[in-house]
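Please read the structure below before turning to the comments.
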Amino acid sequence: MNRQKAYFIDVQGTLIDDAKRMPVRGSIEFIDSLNLQKIPYMVITNNTKHSSEDFLSYLNSIGLNIKKEHYLDPLMLLQSKIAKDQGLAAYGTKEFLDVVVSMGYTLDYENPQTVLVSIKNDYSSEEYASIIDFLLKGAKLVGMHETTIYAKNSKRYPGVGAILKMLSFATSVSYEVVGKPSDNFYAEALKRIKEQMSSIAFEDITIISDDVKGDLTGAAIFGMKTVFVLSGKYTKAEEIIPLLKEDEKPDFIFEDMQDVMERL
């Protein structure tokens, strides 16, 4: 019996480029095609710099016709991981800190119960020292997501996943992850896509992303088909594929969303 086709689709580096944040070749047409054919899909992004509503509004303003029932980001799950009455030391861009405060959290850099790590390209040694001190005093470590590499201004920086692993190695404190590729995030994405078609299982889903380790490896564990696009963190498969273990390698490699449409 033929299974239902369905998709999980990353945003940064997949639907929009890292430099100008504009649609990648074929991305508008791909989303339009899914909408027209009523194919179930979820746009799953690790957005943390803007409120969920603002980022979805931006995606629609540049031509990506994505309704809210097709959208999920870590900010939408943050409260399920961290209660608002906890002392919270959050680290990331100013935009991220502003969003966290707007959600009702109070920032505490004296005696926090939780350290929350997001992405930015200019973490300082002093910030790392403060985080380590908080963790050694008993604070919980949580990452907004677990990306491997952060691409900005044609440069690549350690992603949140790399930072979390460094901090865990330094302190022997384990960590939790809110967004991709955490089990809870993928489970929530599956729950929401089932509202579009209740019979969908992970095995029916093809996930498309530019982060082969930060998104696709975790998705493959659930039985999803994995598509690695070279429109974001990597422009050549040779930069990463030969370094992966056999069970980490994606099922398909395409240049961009146009290539996905034409060949998948």
The chain: calculated mean residue ellipticity at 222 nm from DSSP helix runs of at least 4, using -39500 (n - 2.57): -9000 deg cm²/dmol
Would you be so kind as to identify which of P23, G232, Y186 lies farthest towards the positive end of the dipole of the chain, taking Lys and Arg as +1 and Asp and Glu as -1 on Cβ and the Cα centre as origin? Y186
Among beta bridges that DSSP assigns inside the chain, antiparallel share in %, nearest 5: 15
Förster-model FRET efficiency, 41 Å R0, Q258 and S125, C-beta, rounded to 0.05: 0.45
Work out how much length Q86 to L243 would gain on full extension: take 0.36 nm times their residue separation and subtract the Cα-Cα distance, in nm to one decimal. 52.5 nm
What ranking do V173, V260 get, fewest neighbouring Cβ atoms within 10 angstrom at the top? V173, V260
Using only the alpha-carbon atoms of region 138-188 as identical scatterers, what base-10 log of I(q)/I(0) does the Debye formula give at q = 0.18, 0.22, 0.28 Å⁻¹? -0.60, -0.81, -1.02
Extension gain Q79-S33, at 0.36 nm per residue separation less the Cα-Cα distance, in nm? 13.2 nm
Using DSSP to call loops (not H, G, I, E or B), can you name the chymotrypsin sites (Phe, Trp or Tyr not before Pro) in region 197-264 whose Cβ has at most 16 other Cβ atoms within 10 angstrom? F222
Suppose every Lys and Arg Cβ carries +1 and every Asp and Glu Cβ carries -1, with no other charges. What dipole size does the chain come out with about its Cα centre, to the nearest 20 debye? 200
Relative contact order of the chain, pairs being alpha-carbon contacts under 8 Å that are 6 or more residues apart, as %: 21
Gaussian network model of the chain, Cα springs within a sub-10 Å range: biggest mean-square fluctuation belongs to which of L97, L244, L75? L244
Counted charge near D211, where neighbours are those whose Cβ lies closer than 11 Å (Asp, Glu -1; Lys, Arg +1): -1
Does region 81-177 come out rounded, prolate or oblate, given a ≥ b ≥ c as the square roots of the eigenvalues of its C-alpha gyration tensor, rounded meaning a/c under 1.5 and, failing that, prolate meaning a/b above b/c? oblate
Can you tell me the dipole magnitude for region 1-119 around its Cα centre, using point charges on the Cβ only (Lys, Arg +1; Asp, Glu -1), in Debye to the nearest 20? 480
Once label points are set 7 Å from the Cα along Cα→Cβ at both M22 and E195, what is their separation, rounded to one decimal in nm? 3.3
Taking only C-alpha pairs under 8 Å that are 6+ residues apart, what is the relative contact order of region 81-177 in percent? 24
Would you calculate the separation in nanometres between label points at F222 and D251, each defined as 7 Å from the Cα along the Cα-to-beta-carbon direction? 1.4
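Readers should treat all values here as calculations from the given coordinates under stated rules, not as data from a laboratory. Just so it is clear, the structure is predicted and the values come from calculations on it, not from any experiment. All Cβ positions, glycine included, derive from the backbone under ideal geometry; neighbour counts span all protein chains shown.
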